[in-house]
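K.L.:
Sending over a structure as C-alpha cells; questions will come in a sec.
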Amino acid sequence: MYFVCFVVNKMKTVARTWKVNGEEKTVKVPPMRRLLDVLREDLGLKGTKEGCGEGECGACTVLINGEPVVSCLLAAGQVADGTEIMTVEGLEKTAGGKILQEAYIEKGAAQCGFCIPGMIMSSYSLLSKNPKPDEATIREAHAGNLCRCTGYQKIVEAVQQAAGKWPGKG
C-alpha cells in the first residue's frame, strides 16, 4: 500500500534590489527561483536565453558585478541587494557594448542567434578586463559558451575587431 502525502507549503519570497542594466530594480520572488526566470519573466528581459538549463551551454550568461555567470544555475536568493547585473539588453548603454555588437554584425558572428546573448556577454567581460587579448585568450574566455552554427572563428574575429576599437572602460 502506498500513501501519497501532499504538504501545502506557502513558499516564502525575498525582496531584492539590484542594479540591472544601470537601473535600480526591485523584485519579490521565491528565493530558489532561477535568476534566468526572474530576468526573463519578472523583468521582461527576454534577450537572455535558456539553452540547456544545466549550466553547460552558456546561452544564459549574464554579468554579475562584471563577471560572467550562467543565470540558469543561480538562485535569485543568492544574489545580494546592490548587485550589478548586466544582460545583453544593457550592452547598448555602453560604448564598448555598441562596438562589440557592431563587430558581431560586421563579422557575421551571429547565425541562428540563440547562443549570442551569452557569447557576447562573455566577450564584453573579457574586453572590459583585457582590451587587447590574443586569440588563445579570446577562445579561453568563451570556453563556457557553446555554439552549433559559427564554428567560433567569426566570434573570435568579432572580438578581435572590437578590441581594436575598445574605448578602455567599456
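K.L.:
Any residue in region 99-119 that is assigned to a helix (DSSP H, G or I) and in contact with a Leu (Cβ under 7 Å, 6 or more places away or on another chain)?
P.N.:
yes
K.L.:
Confirm whether Ala141 is in contact (Cβ under 8 Å) with a residue 12 or more places away in the chain and small (Gly, Ala, Ser).
P.N.:
yes
K.L.:
Is there any pair with a first residue in region 76-99 that is closer than 22 Å to Gln161 by Cα and a second that is in a helix (DSSP H, G or I) and charged (D, E, K, R) whose Cβ atoms are under 6 Å apart and which are 6 or more apart or on different chains, and what are they?
P.N.:
Ile99/Lys165
K.L.:
Let me confirm something: among Leu91, Leu74, which residue is over 9 Å from the mean Cα position of the chain (by Cα), surrounded by 14 or more Cβ atoms within 10 Å (Cβ to Cβ) and closer than 11 Å to Ile120 by Cα?
P.N.:
Going through Leu91, Leu74 in turn, just one is over 9 Å from the mean Cα position of the chain (by Cα), surrounded by 14 or more Cβ atoms within 10 Å (Cβ to Cβ) and closer than 11 Å to Ile120 by Cα: Leu91.
Read the figures in this text as sums done on the coordinates, not as results from a lab. No experiment lies behind these values; they were computed from the predicted model shown. We place every Cβ from the backbone using ideal geometry, glycine too, and count neighbours over all the protein chains shown.
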